[in-house]
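Before any comments, here is the structure.
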Amino acid sequence: MIRLFSKFVTILVCLLLGACSDANLKSSNFNVEEQHSEEITIIKMHDGVVPVILTEEKAITTIQNVIEGAIKHPGIVNMASPPYKINMGDEIFFLWTDRTNGTTAGIMNAEDTNTIYTLSENLTNQVNELLLENKLLD
């Protein structure tokens, strides 16, 4: 029941964020190239799964592209607990995504939990593929 509710909240948030006007959107201010990391850790928060440490250049580049390509949404947000946490160097990001077709993922910098960023369909597909490859996405 909790899992179903969590998916419902994720889908609802993604739909609401997708409905915002493009005129109010700004690209993310995340510059991850300055903070190039030799490894990125992804943690699935709710299942007690062992963290996955990504060291392959392709995987690191994918996460960097996802974070840099995120679109900032104005206003203050109140989100459900994130299903994923990404540790990249000194930065921590929260990620909301699932396998539902047509939804976009959301990402948030842990130091600014009042601002949400969404990912394009293409970036959502890339991050989902990476999570699937590493057995982190159901």
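The values are calculated or read from the model by the stated rules, or taken from the named source; none is laboratory data. If you're wondering where the values come from, they're calculated on a predicted model, not measured in any experiment. Note that each Cβ is placed from the backbone with ideal geometry, even for glycine, and that neighbours are counted across all protein chains shown. All accessible areas refer to the heavy atoms of the entire protein, side chains included, with ligands and DNA or RNA removed. Shrake-Rupley method; radii C 1.70, N 1.55, O 1.52, S 1.80 Å.
Couple of notes before you dig in:
- Residues of the stretch 113-132 satisfying the condition of being within 20 Å of N65 (Cβ to Cβ) and assigned to a loop (DSSP other than H, G, I, E, B): T115, L119, S120
- For the stretch 37-54, the set of residues classified as out of contact with any helix residue (DSSP H, G or I) (no Cβ under 8 Å at 6 or more places or on another chain) and open to solvent by less than 90 Å² (accessible area, probe 1.4 Å) consists of T41, I43, K44, M45, D47, G48, V49, P51, V52, listed by residue number.
- Filter result for T113 (modelled with pLDDT of 90 or more and not small (G, A, S)): no
- Flag for N101 being under 11 Å from the mean Cα position of the chain (by Cα) and either under 22 Å from L54 (Cα atoms) or not small (G, A, S) (or both): no
- When the stretch 86-125 is filtered for residues that are out of contact with any strand residue (DSSP E or B) (no Cβ under 8 Å at 6 or more places or on another chain), more than 18 Å from A59 (Cα to Cα) and open to solvent by less than 40 Å² (accessible area, probe 1.4 Å), the ones remaining, listed by number, are D98, T103.
- Residue in the stretch 64-85 that is farthest from I42 (Cα to Cα), counting only those that are surrounded by 15 or more Cβ atoms within 10 Å (Cβ to Cβ) and of a type in the set (S, T, N, Q): N65
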